[in-house]
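**Student:** One structure follows; several queries about it will come next.
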Amino acid sequence: MTDLKDATRSPDWQDDVRQGVRHVRDLDRLPLSPAERAAAQAAAAHHKVRAPKAYLDLIDWNDPADPIRAQVIPSLGELVETEGELGDPIADHAFSPEPRLTHRHADRVLLFPTYQCAVYCRFCFRKESLTSIGRGYTREALEPALAYIADHPEIREVILTGGDPLSLPDNALAEIVARIEAIPHVRLLRIHTRVPVALPSRISSGLVEALQGRLMVTVVTHFNHAREITDATEVACRTMRQAGFVLLNQSVLLKGVNDSIEVLEELCRELMYRLGVKPYYLHHGDLARGMAHRRTTIAQGQALVEALRARLSGICNPVYVLDLPEGGGKVPLGSCPIEGRDGESWRIRGLDGAVRDYTEVVGE
Ligand SMILES: *Cc1c(COP(=O)(O)O)cnc(C)c1O
Ligand code: SF4
């Protein structure tokens, strides 16, 4: 392990991008077998391939089932479409009153400044928007969405997502933030990003300054495995915490990546204790096409979060959610501890697994 001072001297983030995989032809530089390379090329034709060097360096190439590799190297499983899968699994488009905007809950909107990312995750639930829309940021493209937000005083929170908003240059981010800040009823700016995980060197003082201003800032990172937590990600998260940003994390439950209690326990513990990032959501794998090979059952997810609850401090526990198709929203899926009820008397399962009687006592 390098010491933190070395990590802060990490190469310029642009080198990290240049030396990573940016095009299908860059797959030739990776230690893949001919069959694996052919599979990766075929799958990359459907969902772009991209990964910065810093992220690729985390892969143990001797392990074909490596959990970091599984997240970024395309594989044939992605080409298998299973009945019931959906192109727009959480109905972003059905709730889009303007281009680049989704408004499903009164007080908050999703704003898509770009449909490009620093890393293309194989499990992406928005991958069909990334390929079919695929465009980057322009000032003009956001006009109708910003006008809509200005017209809707019930919107208090603007969530920049995409694509990856932090894949944009500092000046574009500063411009977007200034335009959101000018809308008086907006209180909080939230950023959903995988940059702190896949390209931590990008979290510079310039980037942080571009986001700072009138609004409360919350950055929701996307760590899926404890091996993604490194000296460089620690530095990136410290930079954001010192800027006063609230840091949360959402993970996706992925078969073969993090569907074991040991992996989830270490991930959630190290997020909170090492990075100061509060585990927020653990998403059940959505119905994106070509992802059946990475999905677990809901019962498996429930057993995992129940075990996690018994092992980890309350602040280290994420909420296990399913984002329902057709815009049903994110609903908690944790198993219910209530086993039965008789009037004021409830039978409730404790963290130790034992069921206890609990009688409600409520004053007049
Ligand atoms: C996920 C999502 C949000 C944010 O939901 P939270 O529960 O507040 O994190 C907002 N709008 C849409 C459309 C979403 O999909
Ligand atoms: S960074 Fe987000 S939007 Fe981009 S590929 Fe990964 S999951 Fe999808």
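The values are calculated or read from the model by the stated rules, or taken from the named source; none is laboratory data. Being a predicted model, the structure only gives us computed values, none of them experimental. Backbone-built Cβ (ideal geometry, glycine too); neighbour counts: all protein chains shown. The accessibility values were calculated without ligands, DNA or RNA, using every heavy atom of the protein model including side chains. Shrake-Rupley method; radii C 1.70, N 1.55, O 1.52, S 1.80 Å.
**Student:** In region 247-283, what count of residues is obtained for those that are within 12 Å of I229 (Cβ to Cβ) and part of a loop (DSSP other than H, G, I, E, B)?
**Tutor:** Number of matching residues: 2.
**Student:** Would you point out which residue out of D151, D170 is in contact with an Asp or Glu (Cβ under 8 Å, 6 or more places away or on another chain) and more than 16 Å from ligand 1 (Cβ to nearest atom)?
**Tutor:** D170
**Student:** Separate question: Taking the criterion of being over 12 Å from the mean Cα position of the chain (by Cα) and under 23 Å from V17 (Cα atoms), would at least one residue in region 179-190 satisfy it?
**Tutor:** No, because not a single residue in region 179-190 is over 12 Å from the mean Cα position of the chain (by Cα) and under 23 Å from V17 (Cα atoms).
Results for (1) under 15 Å from the mean Cα position of the chain (by Cα); (2) open to solvent by 10 Å² or more (accessible area, probe 1.4 Å), shown as yes or no for each residue.
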| position | (1), (2) |
| --- | --- |
| V217 | no, no |
| H222 | yes, yes |
| H225 | yes, yes |
| T230 | no, yes |
| E234 | no, yes |
| V246 | no, yes |
| L253 | yes, no |
| G256 | no, yes |
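**Student:** Looking at region 75-95, can you tell me whether even one residue there is aromatic (F, W, Y), more than 15 Å from ligand 2 (Cβ to nearest atom) and open to solvent by 20 Å² or more (accessible area, probe 1.4 Å)?
**Tutor:** Yes, that holds for at least one residue.
**Student:** Pairs under 7 Å by beta carbon, first residue under 24 Å from H152 (Cα atoms) and near ligand 1 (Cβ under 9 Å from one of its atoms) in region 101-120, partner of a type in the set (K, R) and at pLDDT 95 or above, six or more apart or different chains?
**Tutor:** So the pair list comes out as D107/R156; R108/R156.
**Student:** Would you confirm, using the coordinates I've provided, whether V197 is touching a residue at least 12 places away in the same chain (Cβ under 8 Å), of a type outside the set (K, R), under 25 Å from F223 (Cβ atoms) and in a helix (DSSP H, G or I)?
**Tutor:** yes
**Student:** Taking the condition modelled with pLDDT under 95 and under 30 Å from L189 (Cβ atoms), does G327 pass?
**Tutor:** Here the answer is yes, as G327 does meet what is asked.
**Student:** Identify the residue in region 101-133 that is β-branched (V, I, T) and surrounded by 21 or more Cβ atoms within 10 Å (Cβ to Cβ) and, among all such residues, is nearest to ligand 2 (Cβ to nearest atom).
**Tutor:** Per the criteria, the residue is V119.
**Student:** Follow-up. Among K53, K48, which is the only one that is closer than 28 Å to Q14 by Cβ, at pLDDT 95 or above and among the basic types (K, R)?
**Tutor:** Every option except K53 fails the conditions.
**Student:** Here's a follow-up. Please go through region 80-138 and give me each residue that is among the aromatic types (F, W, Y), out of contact with any Pro (no Cβ under 7 Å at 6 or more places or on another chain) and within 23 Å of S251 (Cβ to Cβ), ordered by number.
**Tutor:** F112, Y115, Y120, F123
**Student:** Can you report the number of residues in region 31-69 which are touching a residue at least 40 places away in the same chain (Cβ under 8 Å) and open to solvent by 20 Å² or more (accessible area, probe 1.4 Å)?
**Tutor:** Matching residues across region 31-69 total 6.
**Student:** For the list (1) open to solvent by less than 40 Å² (accessible area, probe 1.4 Å); (2) more than 16 Å from ligand 2 (Cβ to nearest atom); (3) under 18 Å from D12 (Cα atoms), I need the number of the one condition that A172 fails.
**Tutor:** So A172 meets the others, but not (3).
**Student:** Do we find that Y137 is open to solvent by 10 Å² or more (accessible area, probe 1.4 Å) and more than 22 Å from G329 (Cβ to Cβ) in this structure?
**Tutor:** The answer is yes for Y137.
**Student:** In region 140-168, which residue that is within 16 Å of ligand 2 (Cβ to nearest atom) and part of a loop (DSSP other than H, G, I, E, B) is farthest from the chain's Cα centre (by Cα)?
**Tutor:** L168
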